[in-house]
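These notes concern the structure reproduced below.
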Amino acid sequence: MTDARDPARWLVLVVRVPAEPSRHRVAVWRELRRVGALSLGQGAWVVPDAPVFADGVSRVVDLARRGEGEVLVLDAAGRAEPDSARLEELFTAERAEEWAEFLADCAKFDAEIDKEIRKGKFTLAELEEEEQSLDRLRRWHRDIKTRDVFGSPAAAEAEQRLKHCAERLAGYTEQVFQALHQM
């Protein structure tokens with residue numbers, strides 16, 4: 001495998017899984033999406049040839065086999081620099097979409113904290129719910145960051161928004177404990 005930043009090397013996965021039962025095709029598709037594979041259409045997917053994708057590719061192969069399907073994994077490189085650049089551009093665009101969705105969820109987290117403060121809802125149950133939401137954001141951030149091997153421009157903003165969410169939760173936590181200790 002190559003260095004995570006080598007845009008010239010790719011793994012192409014040609015996936016064939018019987019249509020029925022559909023749960024096998026869905027499981028393979030979900031794993032491909034979870035790994036961050038880029039769909040090229042007609043059962044062809046691509047990921048950078050980087051160690052971070054190795055376990056995901058293995059899981060895709062295993063899931064396909066369980067569904068009596070197969071995955072051909074091919075080493076590939078663009079024939080010319082524009083080919084490699086285009087794959088990197090498409091792959092990074094998918095990461096940018098993930099970052100945009102992540103940023104939208106950070107904004108929802110922020111709005112939820114605002115709502116609870118406005119309502120004066122300073123309970124341990126609510127605090128636990130918000131902690132779980134932040135934990136989910138942290139896991140999601142870690143997963144996208146792992147897949148974002150070419151460094152999408154939105155990654156830095158996402159990092160800052162996640163820090164902001166953690167700060168908001170810390171402030172809300174302080175308010176919850178103040179409210180509980182006044183009782």
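Across segment 93-102, rounded Karplus estimates of 3J(HN,Hα) from the backbone phi angles (6.51 cos²θ - 1.76 cosθ + 1.60, θ = phi - 60°) give 5, 5, 5, 4, 5, 5, 4, 4, 5, 4 Hz, Gly and Pro being marked x.
For segment 57-93, applying the loop criterion from DSSP together with a ceiling of 15 other beta carbons within 10 Å to the trypsin sites (Lys or Arg not before Pro) yields Arg79. Helix-only arithmetic for the chain: the sum of -39500 (n - 2.57) across DSSP H runs with n ≥ 4, divided by the residue total, places the mean residue ellipticity at 222 nm at -22500 deg cm²/dmol. As a proxy for reagent exposure, ranking Ile144, Ile117 by other Cβ atoms within 10 Å from fewest up yields Ile117, Ile144.
Listed options for Cα extents along the principal axes in Å are [x] 67, 40, 23; [y] 57, 33, 25; [z] 48, 37, 32. The value calculated from this structure is the one marked [x]. Under 5 Å from the amide H of Leu40 lie the amide H atoms of Trp45, Val46, each residue being 5 or more positions distant or on a separate chain, with H modelled from the backbone and absent for Pro and chain starts. Mind listing the phi-derived Karplus ³J(HN,Hα) values for segment 141-149, rounded to whole Hz, using 6.51, -1.76 and 1.60 with θ = phi - 60°, and x for any glycine or proline? With the stated coefficients, segment 141-149 comes to 4, 4, 5, 5, 4, 5, 6, 7, 5 Hz. Which of Ala155, Ala111, Ala64 moves the most in a Gaussian network model of the chain with Cα springs under 10 Å? Taking springs between Cα atoms under 10 Å, the residue moving most is Ala111. For the chain, the longest principal axis of the Cα atoms and the long axis of helix 22-35 meet at an angle of about 70 degrees. When you filter the GluC sites (Glu not before Pro) in segment 1-109 for DSSP loop state and at most 11 other Cβ atoms inside 10 Å of their Cβ, you are left with Glu68.
In order along segment 152-167, phi translates into HN-Hα couplings of 4, x, 6, 4, 5, 4, 4, 4, 5, 5, 5, 4, 4, 4, 5, 5 Hz, rounded to whole numbers, per the Karplus curve 6.51 cos²θ - 1.76 cosθ + 1.60 with θ = phi - 60° and x for Gly and Pro. Taking 0.36 nm per residue of separation and subtracting the current Cα-Cα distance, fully stretching the chain between Leu40 and Arg23 would add 4.0 nm.
Bear in mind that the values in this text are calculations on the coordinates, not laboratory data. All values derive from a computational prediction rather than experimental measurement. Using ideal geometry, Cβ is built from the backbone for each residue, glycine included, and neighbour counts are taken over all protein chains shown.
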